1. Could you please let me know if residue A:176 is modelled with pLDDT under 90, in a loop (DSSP other than H, G, I, E, B) and within 14 Å of chain B (Cβ to nearest Cβ)?
2. If you go through the range A:45-80 one residue at a time, how many are farther than 13 Å from residue A:92 by Cβ, hydroxyl-bearing (Ser, Thr, Tyr) and not in a strand (DSSP E or B)?
3. I'm trying to understand the selection: among the residues of the range B:223-240, which are more than 10 Å from every other protein chain (Cβ to nearest Cβ), over 16 Å from residue A:256 (Cβ atoms) and either outside any loop (DSSP other than H, G, I, E, B) or free of Cβ contacts under 8 Å to residues at least 12 places away in the same chain (or both)?
4. Which residues, taken from the range A:212-255, are in contact (Cβ under 8 Å) with a residue 40 or more places away in the chain, of a type in the set (D, E, K, R), more than 30 Å from residue A:274 (Cα to Cα) and in contact with a Leu (Cβ under 8 Å, 6 or more places away or on another chain)?
5. Only residues that are free of Cβ contacts under 8 Å to residues at least 40 places away in the same chain and within 25 Å of residue A:205 (Cα to Cα): list them for the range A:257-285, please.
6. Find the strands (runs of 3 or more DSSP E) located wholly in the range B:55-121 whose residues include 2 or more that are basic (Lys, Arg) and more than 14 Å from residue B:43 (Cβ to Cβ), and list them.
7. Which of the residues spanning the range B:241-263 are part of a loop (DSSP other than H, G, I, E, B) and either of a type in the set (S, T, N, Q) or more than 12 Å from chain A (Cβ to nearest Cβ) (or both)?
8. Give the range A:195-210 a look and list any residue that's under 21 Å from the mean Cα position of the chain (by Cα) and either within 10 Å of another protein chain (Cβ to nearest Cβ) or surrounded by fewer than 20 Cβ atoms within 10 Å (Cβ to Cβ) (or both), or say none.
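The values are calculated or read from the model by the stated rules, or taken from the named source; none is laboratory data. Every value quoted in this text rests on a predicted model; they were computed, and no experiment measured them. Glycine also receives a Cβ, built like all others from the backbone with ideal geometry; neighbour counts cover every protein chain displayed.
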Amino acid sequence: MADTIVGQRGVLESLVQALIAGGHIVLEGPPGLAKTLACRALATAVGGSFKRVQFTPDLLPSDIVGTRIFDQRSGEFTTVLGPIFANVVLADEINRAPAKVQSALLEAMQERQVTIGPQTFPLPEPFVVTATMNPLDSEGTYALPLAQMDRFLVKVLVDYPGPEEEVRILNRFGGATPALPENVVSVADVLAWRDQAYAVHLEPRLARYAVDLVAATRAPHDYVERGASPRATLAIAALARARALLDGRDFALPDDVRAAAPDALRHRLAFNYRLLTDRVDPERIVADLIAGVPTP
Amino acid sequence: MDIFAPFVAPAAAQQLVRLHVRQFEMSADPVSLRIGETLRLKIVARVDENLLELDEVTLPDLSGFESLGDERQCATAYRGSRCTETITLTPTVAGDRTIAGATLEAIDASSGRAVRFSSNSVVVHVAGAPLPNYFWQGLLEGLIRPFAILLLVAALGYAALWGWRRRPKPVVAEPPASSAPPPVPVQAAPAAPPALHGLVETLVRAPSRANLLAVRAELRRRIGARDEETLADLRARGATRGDADLDAALRATEFAAFADDARLDGAITRALEPLQRLVSPPAGAMT
């Protein structure tokens, strides 16, 4: 993936950690920062099925999960499965579709199965939704409610590249589009990594540290209206284990837990209006909350 | 936070809100100022309930101060609210002023009784107003100018005395210098503090997680690690100052401290190697 995406090392690491941790990913950043390309590179690198859905205001839930159609020749209803039945699903610009479409997708993300008419269809394993959002063009978008954002394991912020990275982007993408890495790992590899990640040891003191980090978001705060849910604690632990595994360890360290915290927390906090009126960067709030918790 | 209960007549008590009051404090910033300067008196109430506003706070007597503004806000979170009232004041009278505690009247939700919560009082030291310019001009003319003249005379006298003392003196032959080199001070090799040495020895004798954690805590203390700093933070800020042994010991101890119980013995053995290098004096050093 690093051969395809210039820079954005942290984004790529977060993507791989979330893949191993078995969660869904939302990438947020201005247009033109290779969010979609990063998701496509992840999908093609994992040798499974890949589907992309461009979210638009006129999208319907059946366009995502599938529908039942009447077959005139057989005289029966048959089910046509939607693009959600893939190992990696790219939901591009997820906030451009209305709430009922988002709900259809997010329900599938949580339950890992889809019910169409009388039948329930399990989704393939692994099943990873990578969604992208653009924070700048708010016109014609439907903000995801907090309860739905909570379904994403991580929210990764994609920032502008540095000057040297931008020169490398120019050299790499100035001519023909480079090929994406294909089948670097198999679906079986990903499932095996997940099993190994589950086995990574998380000391009780580290588990407590993860709980304390999430609890810090629930304390009364001038800018935070509502803190993170216990799902955030689970997310931090899973990401810390994945990070430790990628670092070649069978035990997690305080560094793993703390490094996982921003990606797991930033989309789970509800900020109040004062954040906007005082022009405070929410990332600063998250960073301060994390920095205020003593490490074990 | 002090509580005086009961205080309210039953009819009035029915109009009070039910609150779990966890904190009710008052502070002033600054606590020492002059007349004409401003201070911020902050009253903080933290309750378990979600509130948009808290009107039940009664401000203390602020005689001797002029109020320049008052701001109230409540920040709500998943469990509770933090309401603050900030009053900007300027003192009008000099001297030590004690501002009595603010009060909060509510139904104590834990006991169901009407109570009056009282915050702490604060003491503010108010000095007189800044001196006007003509005072400084008078001081300059009346005191500083004669003092400057006196200083100049004293400096001239000292210069004359210094010149007299440095007049040429008769030369006296000195004994020949000794050819022996000056003695070199013997410097002991830097040794680890006994605390770490002893803790490592204990870990060698009894390899356990508790003993390992004690060594880790001592290592972190030695390099001035703050509570919120992780291993990556310490290495990023160069806390070990290029000491390879200390760096290796810190890393190995950290790894062992969070290893699984089944692998703890091996991890401690690996950690002991750099630890013993760290606490044992260098070869050839005087101990």
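1. Details: modelled with pLDDT under 90: yes; in a loop (DSSP other than H, G, I, E, B): yes; within 14 Å of chain B (Cβ to nearest Cβ): no.
In short, no.
2. Looking only at that region, the number is 3.
3. B:237, B:238, listed by residue number.
4. Result: A:241, single match.
5. A:259, A:262
6. Numbers: elements: B:65-77, B:80-91, B:95-99, B:103-108, B:113-118.
Counting at least 2 such residues, we get B:113-118.
7. Restricting attention to the range B:241-263, the residues satisfying the condition of being part of a loop (DSSP other than H, G, I, E, B) are B:241-243, B:258-260.
Matches in the range B:241-263: B:241, B:242, B:243.
8. Of the range A:195-210, the ones under 21 Å from the mean Cα position of the chain (by Cα) are A:195-198, A:210.
Matches in the range A:195-210: A:195, A:196, A:198.
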